[in-house]
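Novice: First the structure, then my questions, so here it is.
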Amino acid sequence: MDVCMTEYKTLRIPAEAYQEARDSKKDSETWGEFIQRCADTRPNITELVEQSQTVSLEAEERQKIAEEVAGQLR
């Protein structure tokens, strides 16, 4: 008798991300199917500006941008 054992893995995710995923998961699909569906779906990318020329930034401008981005990620 040949027994096929399924191998399982554990994922650690933040509680907020888990709740968001749980809300997006269809009742009829397993977590594995949900993850596969997410992996198969390419994200929508919106290009907000067309870059027609190279832009040069001063160090102070770069620092302000970095601080703004870091503030948004917190």
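Any read-out appearing in this document is the output of simple, stated calculations on the displayed coordinates, not a laboratory observation. All of these numbers come straight from a predicted model, not from anything done at the bench. Heads up, the Cβs are rebuilt from the backbone with ideal geometry, glycines too, and the neighbour counts pull from every protein chain shown.
Novice: Please go through the stretch 58-68 and give me each residue that is of a type in the set (A, V, I, L, M, F, W, C) and surrounded by fewer than 10 Cβ atoms within 10 Å (Cβ to Cβ), ordered by number.
Specialist: ALA59
Novice: Now a separate question. Give the stretch 18-45 a look and list any residue that's of a type in the set (A, V, I, L, M, F, W, C) and surrounded by 10 or more Cβ atoms within 10 Å (Cβ to Cβ), or say none. Even if it seems obvious, please write down each step before you answer.
Specialist: Let us first name the residues in the stretch 18-45 that are of a type in the set (A, V, I, L, M, F, W, C), namely 21, 31, 34-35, 38-39, 45.
Correct list: ALA21, TRP31, PHE34, ILE35, CYS38.
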